[in-house]
Amino acid sequence: MFKKHFLFFLLLIVTLVATACSDDSASTEENAGDSSVEQVLKIANDQEPAGLDPHKTPAHSSVRVYSKVYEGLVTFDENMKIVGQLAKDWEQPNDTTYIFNLVEGVKFHNGREMTAEDVKYSFERILNKETASHIASYFSNVKNIEVLGDYQIKFELTEPNATFLTNLTNSSAAIVAKEVVEENGDLQQVAVGTGPFKFKEWVPDSTVTLVKNEDYYIDGLPKLDKVVYYTMKEEAARLSAIRTGEIDLTTLTAKSASLLKDQEAVNVKGYQSLEYSYVGFNVAKEPFNDPKVRQALSLATDRQSIADIVWDGDAIISGPIAPSMGDWAIDVEKEELYQRNLEKAKELLAEAGYPDGFSTVITTASTYADMVDTAQLLQQQWKEIGVDTEIQQIEWGEYIDTWSNTSADILVGRNGSGTDPDRAMNYFFHTDGSANVWNFSNSEYDAIVEKGKSTVDQEKRKEIYVEAQKKLLNLSPNLFLVSPKNYVAVRDGVEGYTPYPHNGEDIDEVYKK
Amino acid sequence: MYTYIIRRILMLFPVLFGVSIFIFIVMRIVPGDVAMTILGTDATPEALEQLRKDFGLNLPLYEQYFNWIGGVLTGDFGESMRTGQEVLPDILNRFKLTFELTFLSALISWFIAIPLGIIAAMKRNSNVDFGVRIISLLGVSVPNFALATVIILILALAFSYSPPVGYVGFFADPLKNLEIMIIPAVVLGTSMAGAVMRMTRSSILEILRQDFIRTIRAKGAKERIVIFQHALRNAMIPILTIIGLQIGTLLGGTVIIEQIFSLPGLGQLVLTSITQRDFIVVQGAVLFIAFVFVMINLLVDILYSYLDPRISYK
């Protein structure tokens with residue numbers, strides 16, 4: 001009997017010890033001393049960062065964190081004008097040479113001064129094949145980087161490139177410290193930059209904590225002592241936490257934004273995003289190899305009802321360049337292919353040899369409700385011209401695979417149109433564009449966007465992209481649908497926060513009352 | 001007994017070997033790979049190739065497998081392809097949370113289910129019995145995620161309360177930890193309780209019909225003694241089986257509940273890694289879960305012989 005009881009107690013003790021071992025290493029408790037004056041901003045996000053290395057990680061959930069820790073040579077101001085960041089100014093002796101003068105006395109978070117050597121090292125790391133950097137292709141025309149002094153550096157390009165400075169504003173074109181890379185192998189788990197916030201701790205699937213950089217070279221910034229990012233994948237949980245004040249700020253979907261409209265002590269801020277939704281065709285496959293079929297589908301698409309139903313009316317009809325890019329985007333609503341015209345659509349289908357329509361499959365990602373809703377609307381709308389579709393919903397990892405291999409006939413998704421028209425036009429639709437997965441190739445179009453890339457004169461460049469957009473709409477390798485808004489819910493008492501299309505989460509100036 | 005335990009532990013190896021091969025192959029059959037999910041629309045053929053090389057995905061399959069399993073045998077589960085985080089420490093860290101959540105829910109479910117099940121069996125076909133059966137049916141049939149979402153909404157809208165954000169370990173701050181864990185534990189506990197309640201009721205009813213109970217009653221024993229000293233103990237075997245299965249399943253990660261309550265447990269790790277095609281993490285985590293499941297089963301088997309000495313393992 002004793003033996004049996006002994007065994008039972010042994011199990012009990014094992015259980016207790018195991019529980020006792022669950023120590024506090026996952027703790028993120030704020031234990032700073034003077035909590036009465038400490039300015040802490042709590043932000044909830046739906047995704048976990050996918051690593052912190054700015055040169056290796058394009059995921060937005062990572063960018064929002066490392067963009068506070070690292071800085072680049074130049075950045076955008078609130079009007080999307082390029083201004084200096086680590087470079088105080090720059091000159092251009094000729095079309096292919098840029099000389100940057102660096103701000104002096106900038107220190108990395110490890111205390112060492114940042115110099116031109118670090119700039120050189122960072123770009124060499126980006127361009128090094130072994131880094132497998134996602135932004136290497138942005139700087140593939142950099143021929144030579146030369147350090148002219150501690151605070152001066154020269155970039156030589158192989159040919160004139162109007163996108164060079166814009167590409168430098170990318171959060172991934174960050175200046176990193178060589179010794180930190182060498183010590184850690186890469187920067188996925190550490191972050192030592194020159195930015196306003198220092199990286200403190202990352203607890204997987206729970207929190208990322210940043211603290212104020214006391215030595216920041218701009219006086220008075222940042223205003224917060226600490227920023228904590230909470231990963232809360234469930235929207236209901238984020239809504240409940242912002243309602244009760246457990247968190248100060250969170251991103252929202254359009255549907256939830258309307259739920260919070262009348263909530264006390266919470267402000268919902270909406271701003272136009274740089275994204276648009278699209279229908280992508282595999283143009284190598286019948287019937288989509290015929291532009292008339294694609295045009296017919298464009299004429300059968302009611303974009304306004306997509307904006308109304310999928311996005312609660314808070315989305316703008318968009319072309320290949322999102323409307324929040326300002327002057328660069330053409331007013332697509334006047335375009336003929338954007339006027340719903342079922343008669344004309346049927347005529348075009350008949351001319352292409354499909355008088356009775358055809359059947360096909362729309363593939364989209366089940367992960368995003370807006371994509372599925374969009375696909376369902378298209379299914380109804382296209383039915384009216386005899387195009388019968390079946391919707392195939394796949395999981396995100398498989399969706400990306402399908403996208404990159406063009407293994408679907410029609411794909412519904414969302415694209416970021418970037419901060420320079422070159423990305424929206426060249427990158428996605430040039431015959432050799434890295435993200436042209438549509439088998440689309442048109443030599444006239446290629447010539448136009450190549451010219452756009454090398455034309456430095458802004459006015460001329462705009463004209464070129466107007467032509468390119470019209471041409472692309474007419475060829476319709478994709479149907480561009482609508483550009484949604486992004487929403488952020490902010491608690492009362494959080495001051496100084498203004499989201500912009502190109503920078504939705506700037507918190508340098510934010511403080512709490 | 002001890003030889004039995006040792007034999008069962010030795011049995012672990014073929015089981016885990018089978019699981020390791022299975023999950024390795026499944027992850028390679030699923031479309032998509034980690035290099036593509038990392039780079040997304042920024043992917044270039046050169047960068048993809050370099051990443052695949054870095055992750056060893058360009059090697060022949062058997063070589064990939066032996067590299068991985070060789071590491072596992074020496075305690076090195078590798079690094080996450082996506083975040084560079086070491087796999088085994090991450091799994092163990094998250095297991096603590098999942099372990100705590102599982103046992104809190106199990107405790108809650110026992111406190112509800114076993115007493116109610118006994119009462120229902122004692123007062124068979126009374127109103128109390130009907131009440132218990134309805135409650136247990138609800139527990140079994142209301143999905144976790146629905147109950148969880150409703151509780152979150154009601155607390156936020158009616159009581160302006162939401163659980164604290166950011167997970168804290170039990171020993172760092174027991175009160176905050178319990179405040180975070182209690183709602184998820186109640187949600188899981190009530191749904192576990194349904195099944196346990198039903199099993200307790202029917203198992204006790206079954207025992208009460210047996211001859212030895214009649215003998216005990218004939219000897220004039222009090223009903224309390226009949227139930228607690230004789231019936232319950234004999235009825236425990238099927239109840240324990242259910243509890244063991246439930247705990248084994250929960251320890252493998254309570255994916256939905258962890259997601260809804262933002263708890264960094266094992267379930268979230270597996271889910272995120274699957275969507276990102278982070279093969280190394282999925283493989284390590286599944287192997288670990290299989291190990292835990294087998295161990296729980298072993299534990300249950302040992303408990304059987306403690307509860308019923310007639311069961312012996314030789």
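The values are calculated or read from the model by the stated rules, or taken from the named source; none is laboratory data. The model shown is predicted, which means the values in this text are computed figures rather than measured ones. Here the Cβ positions follow ideal geometry from the backbone for every residue, glycine too, while neighbour counts run over all protein chains shown.
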Seminar exercise, completed: Subset of segment A:125-136, residues at the interface with chain B (Cβ under 9 Å from one of its Cβ atoms) and either in contact with a Phe, Trp or Tyr (Cβ under 8 Å, 6 or more places away or on another chain) or under 14 Å from residue A:57 (Cα atoms) (or both), comes to A:131, A:132, A:133, A:134, A:135, A:136
Exercise. Out of all the residues in segment A:265-294, which are part of a loop (DSSP other than H, G, I, E, B), surrounded by fewer than 19 Cβ atoms within 10 Å (Cβ to Cβ) and of a type outside the set (Lys, Arg)?
Worked result: A:265, A:284, A:286, A:289, A:290
Exercise. Is at least one residue of segment B:140-149 without any contact (Cβ under 8 Å) to a residue 40 or more places away in the chain, in the same structural domain as residue B:223 (by TED's automatic domain parsing) and assigned to a helix (DSSP H, G or I)?
Worked result: yes
Exercise. Taking segment A:295-306, which residues are in contact with a strand residue (DSSP E or B) (Cβ under 9 Å, 6 or more places away or on another chain) and either farther than 24 Å from residue A:423 by Cα or part of a loop (DSSP other than H, G, I, E, B) (or both)?
Worked result: A:297, A:301, A:304, A:306
Exercise. Got a sec? Which of B:83, B:37, B:41 is facing chain A (nearest Cβ under 9 Å) and outside any helix (DSSP H, G or I)?
Worked result: B:83
Problem set entry | The listed residue being more than 27 Å from residue B:258 (Cβ to Cβ), in a loop (DSSP other than H, G, I, E, B), within 14 Å of chain B (Cβ to nearest Cβ) and acidic (Asp, Glu), out of A:205, A:262, A:219 | A:262
Exercise. In segment A:409-423, is there at least one residue being modelled with pLDDT under 95, part of a helix (DSSP H, G or I) and touching a helix residue (DSSP H, G or I) at 6+ places or on another chain (Cβ under 7 Å)?
Worked result: yes
Exercise. Does residue B:176 count as among the basic types (Lys, Arg), farther than 30 Å from residue A:244 by Cα and free of Cβ contacts under 8 Å to residues at least 60 places away in the same chain?
Worked result: no
Exercise. Do we have any residue at all in segment A:307-318 that's touching a Pro at 6+ places or on another chain (Cβ under 8 Å) and over 30 Å from residue A:258 (Cβ atoms)?
Worked result: no
Exercise. From the residues in segment A:13-54 that are away from every other protein chain (no Cβ under 11 Å) and modelled with pLDDT of 50 or more, which one is surrounded by the fewest Cβ atoms within 10 Å (Cβ to Cβ)?
Worked result: A:36
Exercise. Taking segment B:234-272 on its own, how many of its residues are surrounded by 24 or more Cβ atoms within 10 Å (Cβ to Cβ), of a type in the set (S, T, N, Q) and more than 10 Å from every other protein chain (Cβ to nearest Cβ)?
Worked result: 1
Problem set entry | From the options A:348, A:297, A:342, residue that is without any contact (Cβ under 8 Å) to a residue 60 or more places away in the chain, touching a helix residue (DSSP H, G or I) at 6+ places or on another chain (Cβ under 9 Å) and surrounded by 19 or more Cβ atoms within 10 Å (Cβ to Cβ) | A:348
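Residue A:83: assigned to a helix (DSSP H, G or I), at pLDDT 90 or above and more than 10 Å from chain B (Cβ to nearest Cβ), yes or no?
Answer is no for this residue.
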For this session: Name the one entry in B:97, B:57, B:16 that is within 14 Å of another protein chain (Cβ to nearest Cβ) and assigned to a helix (DSSP H, G or I).
Result: B:97
Exercise. Condition test on residue B:177, is it farther than 30 Å from residue B:234 by Cα and within 11 Å of chain A (Cβ to nearest Cβ)?
Worked result: yes
Exercise. Residue check: is residue B:284 surrounded by fewer than 24 Cβ atoms within 10 Å (Cβ to Cβ) and not hydrophobic (A, V, I, L, M, F, W, C)?
Worked result: no
Exercise. Hey, residue A:328 hits all of (1) in contact with an Asp or Glu (Cβ under 6 Å, 6 or more places away or on another chain); (2) closer than 23 Å to residue A:459 by Cβ but one; which does it fall short on?
Worked result: (1)
Exercise. In this structure, does residue B:13 turn out to be aromatic (Phe, Trp, Tyr), out of contact with any Leu (no Cβ under 9 Å at 6 or more places or on another chain), modelled with pLDDT under 90 and closer than 30 Å to residue B:309 by Cα?
Worked result: yes
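Rundown of residues vs (1) loosely packed, with under 15 Cβ neighbours inside 10 Å; (2) away from every other protein chain (no Cβ under 14 Å); (3) in contact with a Lys or Arg (Cβ under 9 Å, 6 or more places away or on another chain); (4) modelled with pLDDT of 95 or more, yes/no style:
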| position | (1), (2), (3), (4) |
| --- | --- |
| A:143 | yes, yes, no, no |
| A:149 | yes, yes, no, no |
| A:154 | no, yes, no, yes |
| A:161 | no, yes, yes, no |
| A:165 | no, yes, no, no |
| A:169 | no, yes, no, no |
| A:172 | no, no, yes, no |
| A:176 | no, yes, yes, yes |
| A:185 | yes, no, no, no |
For this session: Name the residue, out of A:163, A:115, A:158, A:169, that is touching a helix residue (DSSP H, G or I) at 6+ places or on another chain (Cβ under 6 Å) and of a type outside the set (Lys, Arg).
Result: A:163
Problem set entry | All positions within segment A:391-406 that are more than 10 Å from residue A:363 (Cβ to Cβ) and more than 8 Å from every other protein chain (Cβ to nearest Cβ) | A:405, A:406
Problem set entry | When residues of segment A:232-251 are limited to those that are at the interface with chain B (Cβ under 7 Å from one of its Cβ atoms) and out of contact with any Ser or Thr (no Cβ under 6 Å at 6 or more places or on another chain), the one surrounded by the most Cβ atoms within 10 Å (Cβ to Cβ) | A:247
